[in-house]
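> This is the structure, below, for whatever I ask next.
The values are calculated or read from the model by the stated rules, or taken from the named source; none is laboratory data. Since the structure is predicted, the reported quantities are computational estimates derived from the model, not experimental observations. Positions of Cβ are backbone-derived with ideal geometry, glycine not excepted, and every protein chain shown enters the neighbour counts. Heavy atoms of the whole protein, side chains included, go into the accessibility calculation; ligands, DNA and RNA do not. Shrake-Rupley method; radii C 1.70, N 1.55, O 1.52, S 1.80 Å.
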Amino acid sequence: VGSGSAVSLSRQVQGTGSSSAVSKCSAAARGYIQDRFLRLLAGRRRRRAPLIHRGYYIRARAVDHCVQDFLLKTQSLPRTQILSLGAGFDSLYFRLKDMGLLHHTVVFEVDFPGVARQKAALIKAMKELSALVGDTSGEGLGAITFSGEDYKLLGVDLSELSELERILEEAGLNNEIPTLFIAEVVLTYMENTRSDALIQWAAEHFPQACFLLYEQVHPEDPFGHIMQQHFRQLSTALHSLAQYPDCEAQQRRFLGKGWTECSVMDMNEFFTCCVPEDEQQRVQALEPFDEFEEWHLKCSHYFVLAASKGMEPPWTPLLPTPRAAGPVGLAGSVPAAVCAGLSAAPGLRRYGHRSALVEPGGILTTGGFGEEHGQHCRVRSFHVLRRRAGCWEAVCVTQSVPEKRWGERLYHTVSCLSDTLALVVGGRTSPSSAGLGMLWLRFPKTCNALGPDDVAVEPVSLQPAAEAAVLRWRHSTTEVTFKGEQFLFVYGGRSALEPVLGDWHFLHTPELSYTVIAVEGPVPESRHSHSACSWEGGVLVAGGLGAAEQPLGSVFLLRELEHGLQWQTIETHPPLVPRYSHTAHVHEGKLLLVGGVWFHAPSVPGVTVIDLRTGLCLDYMINVEHLEWPLMLHNHSSIFLPDEKELLVIGGGGNCFSFGTYLNPEPVLLSLSSILSSH
């Protein structure tokens with residue numbers, strides 16, 4: 001790297017540091033983290049989205065968990081030290097000092113000279129900060145921009161190892177006492193040879209040492225592609241990922257460079273295992289939140305690693321729980337292809353929408369968030385897809401009433417009751433608003449006539465008892481038969497008041513009168529973002545996200561008995577990998593689950609086939625080699641085409657943490673003929 005490009009790279013990396021300081025500050029302002037020093041160091045204030053708040057919360061929590069564990073385990077020792085690499089505008093020293101945790105510990109912080117000088121000037125200018133450091137031995141000299149009794153701030157490029165070593169020695173770093181190294185999204189911006197050398201140097205020069213690493217993982221799945229692209233666009237490529245793509249590779253890296261103990265977990269595992277339940281609930285209740293998929297994907301793409309050597313007793317702040325089964329075993333693959341004729345179809349790039357077969361050959365898509373008139377928004381227009389002579393075509397359908405009646409909605413359901421009539425149930429605008437009511441959609445007799453102004457949207461008037469059934473989202477609405485009569489079964493979901501619902505309601509069709517039917521058997525735990533399909537007059541419910549924001553792997557059948565209905569558990573073997581935000585279809589006694597989110601990175605859910613007679617459960621990956629873009633299979637809709645044994649997947653994607661919104665560019669056909677005939 002020439003010196004000019006090295007300077008510009010250091011500027012880009014410094015930019016990520018100040019941006020993360022602003023995000024941490026916003027998370028502190030909303031109560032996610034308790035830290036009064038962030039606002040003094042972050043400079044500008046900006047309110048971030050709830051998803052960003054959660055992301056920075058889990059990062060701060062993981063670092064604090066390990067740092068405080070180190071201080072606790074070494075509290076009886078006369079002296080220890082912490083060396084924070086690429087510390088940026090972090091407030092760690094001030095927080096620990098304020099909590100009275102630094103009686104015998106010196107904190108060294110290292111960052112680019114420009115950052116260190118700026119931070120030193122901030123500390124000197126602010127009484128609240130300088131008072132905590134106490135007496136400073138003269139002004140900062142050269143690379144030592146600030147020097148207090150237990151706090152040293154050094155300006156040096158981490159990739160220049162011999163220079164780093166010289167300045168640390170000058171600042172008084174002691175190789176002989178227990179030392180904790182912290183690298184929080186820092187090493188990955190360096191060339192691997194240089195970051196490896198730093199990891200090895202720390203192990204070789206410090207007989208008693210601990211190393212805490214927090215950074216990205218899993219570059220090759222769809223979310224990983226978008227994450228990498230984001231950092232490339234910022235000109236801050238993530239170098240570690242190619243050589244160390246998963247947690248196991250990072251663990252081998254440390255064990256191979258002189259560290260004797262090393263444990264690692266991704267942030268889904270950390271949140272589940274290392275954050276107490278009451279604290280999980282506190283964080284989950286801080287703000288209206290409805291981006292579970294992106295939260296769990298973000299957490300599966302970051303890890304925390306704790307390595308140590310020479311520590312007695314060994315330092316193990318991340319005691320992993322026995323992991324669920326390892327990688328998901330695959331029975332084969334399913335080919336994916338783009339649909340001929342739809343590459344330029346506008347309006348199908350969306351998520352949180354719903355699609356329904358309105359008559360043979362016509363597929364109606366409504367609602368969701370996506371692209372409309374060249375911008376990202378909640379989509380108001382309807383779209384109909386048809387296949388003619390093997391080629392698909394899309395028609396944008398306007399509504400024959402003022403748009404405000406449809407409004408904007410995500411996570412609703414659409415149930416077709418006849419060729420000309422469909423019922424929309426629930427949905428939401430923003431997560432903080434109440435759920436939306438029901439609407440009728442009326443269409444002309446033949447889909448071929450579907451043109452502008454051909455879908456009438458009409459309000460539904462309900463008895464008060466039925467209102468509760470409606471005001472929810474991420475629920476399911478399924479047709480069931482009881483004593484020869486047709487009902488709609490509205491189940492689960494969430495509302496503005498309840499983060500997860502476990503109730504159900506029967507609406508007699510077509511007049512939608514609220515009916516009470518006795519239901520026996522083991523009641524499924526509350527869930528949203530599950531799937532529900534009609535089968536043999538009953539309902540099959542699979543997966544979903546439960547009360548603790550944990551994916552569920554249960555499958556239930558609600559079926560008719562003489563005097564009422566009964567819940568039955570369907571045992572699957574091997575057990576179904578817990579998931580949510582998938583879609584589902586039944587074909588000839590087989591339940592097909594499509595996509596979704598699970599905690600088993602780096603593989604992503606493809607198509608799972610459950611034989612309802614035997615319980616045999618087989619997972620197939622989706623072969624995307626013919627697609628030129630990442631296929632994000634959550635928040636999508638899908639339609640099963642039984643004659644062709646094909647699945648049409650429409651939309652999907654989401655708001656990928658701070659990496660931008662990603663929408664699958666066009667609908668995709670999955671050919672299932674090989675896996676359905678082989679069963």
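> By per-residue mean of other Cβ atoms within 10 Å, what is the highest-first order of 66-76, 111-121? Mind showing how you got there, number by number?
Details: 66-76: 17.5, 111-121: 19.5.
Sorting 66-76, 111-121 by mean packing, highest first, produces 111-121, 66-76.
> Also, quick follow-up: Run the helix sum for the chain: -39,500 (n - 2.57) per DSSP H stretch of 4+ residues, divided by residue count, reported at 222 nm to the nearest 500 deg cm²/dmol.
Working: 16 runs with 170 residues, N = 679.
The helix-only estimate for the chain comes to -7500 deg cm²/dmol at 222 nm.
> In degrees, nearest 10, range 0 to 90: what is the angle between the Cα axis of helix 50-73 and the longest Cα principal axis of the chain?
40
> Inverting the mean 1/r over all pairs of different Cα atoms, compute the Kirkwood radius of the stretch 330-676 and quote it in Å.
Numbers: mean 1/r = 0.0492 Å⁻¹.
Result for the stretch 330-676 stands at 20.3 Å.
> Check VAL397: other-chain or 5+ apart residues with amide H under 5 Å from its amide H, H built from backbone geometry?
Result for VAL397 returns PHE382, HIS383, VAL384.
> Let me ask something additional. Working from Cα positions, state the angle (0 to 90°, nearest 10) between the long axis of helix 113-125 and the longest principal axis of the chain.
Orientation of helix 113-125: about 80 degrees from the principal axis.
> Hey, could you grab the Kirkwood Rh for the stretch 123-214? Inverse mean 1/r over distinct alpha carbon pairs, Å, one decimal.
Values: mean 1/r = 0.0682 Å⁻¹.
For the stretch 123-214, inverting the mean 1/r across all distinct Cα pairs yields 14.7 Å.
> Give me the percent of DSSP beta bridges within the stretch 330-676 that run antiparallel, rounded to the nearest 5. Don't jump to the answer; show the numbers that get you there.
Details: 99 of 107 bridges.
Roughly 95 percent of the beta bridges in the stretch 330-676 run antiparallel, per DSSP.
> Hey, another quick one. For the chain, give the percent of accessible area contributed by carbon and sulfur heavy atoms, probe 1.4 Å, rounded to a whole number. Intermediate results must be reported in sequence, preceding the final value.
Working: 13990 of 26650 Å².
About 53 percent, which is the carbon plus sulfur part of the accessible surface.
> Sticking with this structure for a sec: Report the calculated FRET efficiency for GLN34 and LEU357 (r = Cβ-Cβ distance, R0 = 41 Å), to the nearest 0.05.
Working: r = 52 Å, r/R0 = 1.27.
Calculated value: 0.20.
> Taking a virtual spin label 7 Å from the Cα of GLU163 along the C-beta vector, which residues in the stretch 110-128 bring their backbone nitrogen under 17 Å of it?
Residues 110-118 qualify, since their backbone N sits under 17 Å from the label point.
> Apply 1/(1 + (r/R0)^6) to the Cβ-Cβ distance of HIS104 and GLN229, taking R0 = 51 Å, and write down the FRET efficiency to the nearest 0.05.
Between HIS104 and GLN229 the formula returns 0.65.
> Taking N as the number of residues in the stretch 242-307, what value does Rg over Cα atoms divided by 2.2 N^0.38 Å take?
Cα Rg divided by the expected 2.2 N^0.38 Å: 1.37.
> Stick to Cα atoms and the Kirkwood definition of Rh, then tell me Rg/Rh for the stretch 577-679. Could the numbers behind the result be given before it?
Details: Rg = 13.8 Å, Rh = 14.3 Å.
Over the Cα atoms of the stretch 577-679, Rg/Rh equals 0.96.
> Still on this model: Taking 1 over the mean of 1/r across every pair of different Cα atoms in the chain, what Kirkwood radius in Å do you get?
Working: mean 1/r = 0.0367 Å⁻¹.
With all distinct Cα pairs of the chain included, I get 27.2 Å.
> While we're here: Using a basic spin-label model with each label point 7 Å from the Cα along Cα→Cβ, how many nm lie between ARG47 and VAL516?
For the pair ARG47/VAL516, the computed spacing is 4.4 nm.
> Still on this model: Leaving out same-chain residues fewer than 8 places away, which lysines sit with a Cα under 27 Å from that of LYS645?
Cross-link targets: LYS445, LYS590.
> Which stretch or stretches of the stretch 520-549 have amide N atoms under 19 Å from the point lying 7 Å from GLU485's Cα along the Cα→Cβ direction?
Answer for this model: 520, 537-539.
> Also: Roughly how many Å² is the accessible area per residue of the chain, as a whole number, for a 1.4 Å probe?
39
> Related question: I'd like the distance separating the alpha-carbon centroids of the stretch 469-538 and the stretch 227-303, in whole Å.
Distance between centres, Cα-based: 36 Å.
> Here's a follow-up. Quick one: ranking GLU204, GLU371, GLU287, GLU525 by accessible area, 1.4 Å probe, largest first, what do you get?
On the way: GLU204 125, GLU371 60, GLU287 15, GLU525 100 Å².
Accessible-area ranking of GLU204, GLU371, GLU287, GLU525, largest first: GLU204, GLU525, GLU371, GLU287.
> Moving to a separate point now. Tell me which lysines have Cα within less than 30 Å of LYS24's Cα, excluding those fewer than 8 residues away on the same chain?
LYS73, LYS97, LYS119, LYS124, LYS127, LYS152, LYS298
> Counting only C-alpha contacts under 8 Å and six or more residues apart, can you give the relative contact order of the stretch 2-309 as a whole percent? Spell out each step's value before the answer.
Details: 478 pairs, mean separation 54.0, N = 308.
About 18 percent, as a whole number.
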